Amino acid sequence: MNALETNISNALEKRGWTVLRRGWPDFLIYLEGHAGQFRVAAVEVKSDSDNLSEQQEEMHRVLRAVGLRAGITQPTEEQLMRNAAIQIDKGWQRQGLRVAA
């Protein structure tokens, strides 16, 4: 953080706000639908052996609390080689993590 960001962060925390600087998802994805409506989700990409950090878990909890879909995808090497974007989309559909338009 630079000095200005530090000062603002400190001022917010003194007023009771929690300031999250770490744990942001790898991707914020959206799909524009009819009548300007959007389907939006936050995606964290992890290897098969990796898990969310404490900061990432907190971020996902906050994002979900405000109505944003947040989840993890763990594609295999084979899936990555074929087409990770298609696998992510299909995986999220299977998990019911699509936001209805």
Review point. Say R0 is 41 Å: what FRET efficiency, to the nearest 0.05, do residue 86 and residue 18 get from their beta-carbon distance?
Key: 0.65
Practice item. Extending each Cα 7 Å along its Cβ direction at residue 76 and residue 38, get the distance between those two points in nm, one decimal. Key: 3.5
Exercise for review: Order these peptides, 71-78, 16-23, by their mean beta-carbon neighbour count within 10 angstrom, highest first.
Suggested key: 71-78, 16-23
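Any read-out appearing in this document is the output of simple, stated calculations on the displayed coordinates, not a laboratory observation. No experiment lies behind these values; they were computed from the predicted model shown. No Cβ is skipped: glycine too gets one built from the backbone with ideal geometry, and neighbour counts run over all protein chains shown.
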